[in-house]
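Participant: So that we are looking at the same thing, I have put the structure below in structure tokens.
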Amino acid sequence: MWLRRRAPARQGTDDERAPDRAATPPPAGHGGDGPSPWVRRFAARVPPGARVLDIACGGGRHARLFAEQGCVVDAVDIDAGAGVSLAQLPGVSFLRADLEGGPWPYAGRQFEAIVVTNYLHRPLFPLLAESLAPGGTLIYETFVVGHERFGRPTNPDFLLRPRELLDAFGQLLVVLAFEEGVVSLPRPARVSRLCAVRAAGDAHLRLDAHR
């Protein structure tokens, strides 16, 4: 059963590497080489030239997606090998950084979009919201409690609690869409996913953003 909170739809989830991490290679439950359909859906909100941050980028599937849209992408991962395939990709800068054991490497910077998939480190939640530019979009998708019956991760420290994304970001950002439940493709998994934007002062939220 799905728990949903959504705005009108635009048409158009890696081994445990460190605490709260679901990392490459994709676990039996979810993920794959192509972009997540959830990310694809909301990528349409992000215009060419926008600054995009891909957190725990892994093989770079979402960095590629946004670069192909004409965005300027910063991709970060603890694994230096994650940047090899991105080294020659125009519009993408890769940074090797430990997001859990080191300082936040993007202090003072803001992005029009931040993407997080198959990764969970709860202390980053407020930093992600602060790192969105006014009007910027957060696209988040990862595993939730109940996924353990499908495969890794199975440690509850690496799994979201029910509605945790909504509770974490609902007071910080404007939630456009929230879903939680079981997906069958590309592999069975129980996931939670959210798209939210940072309000731009008292401006009206545009639901008909760039497509």
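The values are calculated or read from the model by the stated rules, or taken from the named source; none is laboratory data. None of these values were measured; they are calculated from a predicted model. Quick reminder, even Gly has a Cβ in these numbers, built from the backbone with ideal geometry, and neighbours come from all protein chains shown. In case anyone asks, the SASA skips ligands and DNA or RNA and just uses the protein heavy atoms, side chains included. Shrake-Rupley method; radii C 1.70, N 1.55, O 1.52, S 1.80 Å.
Participant: Can you name every residue in the stretch 187-201 that is over 18 Å from residue 166 (Cβ atoms) and buried (at least 16 other Cβ atoms within 10 Å of the Cβ)?
Facilitator: Within the stretch 187-201, 187, 189 qualify.
Participant: Among the strands (runs of 3 or more DSSP E) contained in the stretch 1-116, which hold 1 or more residues that are touching a Phe, Trp or Tyr at 6+ places or on another chain (Cβ under 8 Å), open to solvent by 10 Å² or more (accessible area, probe 1.4 Å) and at pLDDT below 95?
Facilitator: 3-6
Participant: On the basis of being at pLDDT 95 or above, in a loop (DSSP other than H, G, I, E, B), under 14 Å from residue 55 (Cβ atoms) and open to solvent by less than 20 Å² (accessible area, probe 1.4 Å), does residue 140 make the cut?
Facilitator: Considered against the rule, which asks whether it is at pLDDT 95 or above, in a loop (DSSP other than H, G, I, E, B), under 14 Å from residue 55 (Cβ atoms) and open to solvent by less than 20 Å² (accessible area, probe 1.4 Å), residue 140 comes out as no.
Participant: Please pick out the residue among 166, 124 that is closer than 30 Å to residue 49 by Cβ and in a helix (DSSP H, G or I).
Facilitator: 124
So that you can scan it fast, the table gives a plain yes or no per residue for (1) of a type in the set (A, V, I, L, M, F, W, C); (2) within 15 Å of residue 124 (Cβ to Cβ):
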residue	(1), (2)
50	yes, no
53	yes, yes
61	no, no
65	yes, no
70	no, no
73	yes, no
80	yes, no
86	yes, no
93	no, no
